[in-house]
Amino acid sequence: MRGAPSRSRSLESLRSASAGMPDGTLDTVCAEETGSEEDLYEELHNSGHHYSHPRGGGEQLAINELISDGSVVCAEALWDHVTMDDQELGFKAGDVIEVMDATNREWWWGRVADGEGWFPASFVRLRVNQDEPADDYEAPRAGAREADDSGPEAQSCKDQMRTNVINEILSTERDYIKHLRDICEGYVRQCRKREDMFSEEQLRTIFGNIEDIYRCQKAFVKALEQKFNTERPHLSELGACFLEHQADFQIYSEYCNNHPNACVELSRLTKLS
């Protein structure tokens, strides 16, 4: 089925495939990524190449139907996807990816160049006019990039992408701090109260230097928040924080080296009634 000539499907056929399904809006692009709704409307109707951000629901069913019929479904990468996993597909922003399996809402299987693998669906937006070959698309788009890279729209897109990355870094580090706090205050502190169950040496073996890591990470997150530009997030210089704290991150070596001993001790304790 993959080798058969693909049947071209237009926006109308995609819409009809997802008719009656509440989530099936194929001609919508994320406003937060490309501008206001008015700008999106103009771009959608003036551009020769249209895309839609994957939303799941009815649209996802329509995508799977096209794929199962042997049609080629293409999507454009919004961000770089760098991976060391052989099962994941790496690509750069702007690459056109052939979507081969969209059964899972979060992770799709696709192909770009000579590689195949899984990739996060949120990293791409679908081409609405699926009848345009990827080869025909790449040539004019490359020229448009050269012409528009210095334009206000291109700069706005880059600023939004950078803002998304910065927000993700801050969100991830804050969540990590919460997990560390739960371990230190919810487990280590409570275990110390039960001297009849755990000796201090056992706790050091089980938890390693997790409390030192907690203190280190709190200082790191505080530094990140001080560098965060609330009015213009894309101008936040978070990279300086990583450079300033790079020596502090060596604290994880002790934790990682102790991990096998922690596993052995926990395994031994679970056998005791």
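All of the numbers you see were taken from the coordinates with simple rules; none came from a lab. Since this is a predicted model, take the numbers as computed values, not measurements. Using ideal geometry, Cβ is built from the backbone for each residue, glycine included, and neighbour counts are taken over all protein chains shown.
Projected onto their three principal axes, the Cα atoms of segment 158-271 cover extents of 55, 23, 20 Å, largest first.
Placing a label point 7 Å from the Cα of SER267 along the Cα-to-Cβ direction, the residues of segment 190-211 with a backbone N closer than 16 Å are 206. The amide H of VAL73, built 1.01 Å from its N in the peptide plane, has VAL99 as neighbours under 5 Å, considering only residues 5 or more places off or on other chains. Overall, the ratio between the Cα radius of gyration of segment 57-126 and 2.2 N^0.38 Å, rounded to two decimals, is 1.01.
What the phi angles of segment 106-121 give under the Karplus curve with 6.51, -1.76 and 1.60, with θ = phi - 60°, is a coupling list of 8, 10, 10, 9, x, 9, 9, 6, 9, x, 10, x, 7, 8, x, 4 Hz, glycine and proline written as x.
Evaluating 6.51 cos²θ - 1.76 cosθ + 1.60 at θ = phi - 60° for every residue in segment 238-248, the Karplus couplings come out as 6, x, 4, 5, 5, 5, 5, 9, 4, 5, 5 Hz, glycine and proline recorded as x. For the pair GLN190 and ARG105 in one chain, pulling the backbone fully straight at 0.36 nm per residue adds 26.6 nm over the alpha carbon distance.
Treating r as the C-beta distance of PHE249 and ASP159 and R0 as 25 Å, the FRET efficiency rounds to 0.30.
In segment 223-273, inverting the average of 1/r over every pair of distinct C-alpha atoms gives 14.2 Å as the Kirkwood radius.
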